[in-house]
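One structure is given below, encoded as structure tokens.
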Amino acid sequence: MKIAFLGTGRMGSELARHVMKSHDVTVWNRTAERAQPLVDEGATLADSPTAAVEGAEVVITSLFGPDDIRELVIGQ
């Protein structure tokens with residue numbers, strides 16, 4: 001299954017690591033360097049939220065709050 005993670009802070013990274021054991025994971029974070037450890041462990045880094053969710057069967061957001069999610073979804 002292809003899964004996209006938007007937000008790779010502490011919680012998003014741990015969730016992504018768990019899912020990466022059995023699924024194809026693409027990650028995006030506002031600060032790309034914060035997603036690099038997941039890329040080093042096998043995730044694919046997307047350069048935008050739109051690229052991250054393209055073709056994904058499941059999208060998981062782990063962002064700070066509703067305003068950030070709203071901005072990300074509506075602003076893209």
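All of the numbers you see were taken from the coordinates with simple rules; none came from a lab. Predicted model only: the values in this text are computed from it and were never measured.
Can you give the helix-only mean residue ellipticity at 222 nm for the chain, where every DSSP H stretch with n ≥ 4 adds -39500 (n - 2.57) and the sum goes over all residues, rounded to the nearest 500 deg cm²/dmol?
-13000 deg cm²/dmol
When the Karplus curve 6.51 cos²θ - 1.76 cosθ + 1.60 is applied with θ = phi - 60°, which whole-Hz ³J(HN,Hα) does each residue of region 14-26 get, with x for Gly and Pro?
My calculation for region 14-26 gives 5, 4, 4, 4, 5, 6, 4, 5, 9, 9, 7, 10, 10 Hz in order.
What are the residues whose amide H is under 5 Å from the amide H of T61, where those residues sit 5 or more places off or on another chain and H is modelled from the backbone?
Residues meeting the criterion, in which the H sits 1.01 Å from N, are L6.
I need two numbers for region 2-75: Rg to one decimal and Dmax as a whole number, Cα atoms only, in Å.
11.0, 32
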